[in-house]
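These notes concern the structure reproduced below.
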């Protein structure tokens, strides 16, 4: 009986001693501010990000037109094959089929090469703007008392719910654009 009474007294004393600690932890948890940001969206919506992506798209416009031209040649050859299927010799049909296959392989290689180069340059843009954006997020978070900022860009993000008020994406974009102004694009010469 004495052991049981002692154990009960020890548990009661422990609860009384830990109660202030629990209250302090609860108070700290209540004071902790948490925010969310869609970092990929922020990168693409900053003025610098938009300009760099536009420049990248302009750079790859000729490649896109080249791919369209190859696809048009393939379609023309297919139409020629379909149109003359009943009147062509077997050799002419095989020759046309080989030409189509060669053009398709060329188109596939061109698309894969262009996509790989485009993705690599796009990743470079994301890294360049992203590294500056992280510095802005850090400063913004410190200035506004956020203890934690979670990135919700990925579909695998562990954030299941967040109130709109916790989303700092737009505020960070404005802060980034202020800290990293973009020069307006020069107007093309009058003759073009």
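The values are calculated or read from the model by the stated rules, or taken from the named source; none is laboratory data. These figures come from a predicted structure and were not determined experimentally. For neighbour counting, all protein chains shown are included, and Cβ atoms are generated from backbone atoms with ideal geometry for every residue, glycine included.
Taking the stretch 133-153, which residues are part of a loop (DSSP other than H, G, I, E, B), out of contact with any strand residue (DSSP E or B) (no Cβ under 7 Å at 6 or more places or on another chain) and within 18 Å of residue 40 (Cβ to Cβ)? Even if it seems obvious, please write down each step before you answer.
Of all residues in the stretch 133-153, those part of a loop (DSSP other than H, G, I, E, B) come to 144-145, 152-153.
From the residues that got through so far, the ones that are out of contact with any strand residue (DSSP E or B) (no Cβ under 7 Å at 6 or more places or on another chain) too are 144, 153.
Within the stretch 133-153, just 153 meets the criteria.
Yes/no per residue for (1) out of contact with any helix residue (DSSP H, G or I) (no Cβ under 7 Å at 6 or more places or on another chain); (2) within 22 Å of residue 159 (Cα to Cα); (3) surrounded by fewer than 10 Cβ atoms within 10 Å (Cβ to Cβ); (4) modelled with pLDDT under 50:
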site	(1), (2), (3), (4)
3	yes, no, yes, yes
33	yes, yes, no, no
43	no, yes, no, no
49	no, no, no, no
54	yes, no, no, no
60	no, no, no, no
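Any idea which of (1) touching a helix residue (DSSP H, G or I) at 6+ places or on another chain (Cβ under 6 Å); (2) assigned to a helix (DSSP H, G or I); (3) at pLDDT 90 or above is the one residue 76 doesn't satisfy?
Here residue 76 meets the rest and fails (1).
Please go through (1) farther than 27 Å from residue 58 by Cβ; (2) assigned to a helix (DSSP H, G or I); (3) over 17 Å from the mean Cα position of the chain (by Cα); (4) touching a residue at least 60 places away in the same chain (Cβ under 8 Å) for residue 162 and return the number of the only condition it doesn't satisfy.
(2)
Among the listed residues 97, 124, 178, which satisfies the condition of being surrounded by 13 or more Cβ atoms within 10 Å (Cβ to Cβ) and either at pLDDT 95 or above or in a helix (DSSP H, G or I) (or both)?
Numbers: 124 fails: surrounded by 13 or more Cβ atoms within 10 Å (Cβ to Cβ); 178 fails: surrounded by 13 or more Cβ atoms within 10 Å (Cβ to Cβ).
Within the list 97, 124, 178, the selection yields 97.
Determine, yes or no, whether residue 169 is within 20 Å of residue 54 (Cβ to Cβ) and under 18 Å from the mean Cα position of the chain (by Cα).
On the way: within 20 Å of residue 54 (Cβ to Cβ): no; under 18 Å from the mean Cα position of the chain (by Cα): yes.
Spelling it out, it is not the case that residue 169 is within 20 Å of residue 54 (Cβ to Cβ) and under 18 Å from the mean Cα position of the chain (by Cα).
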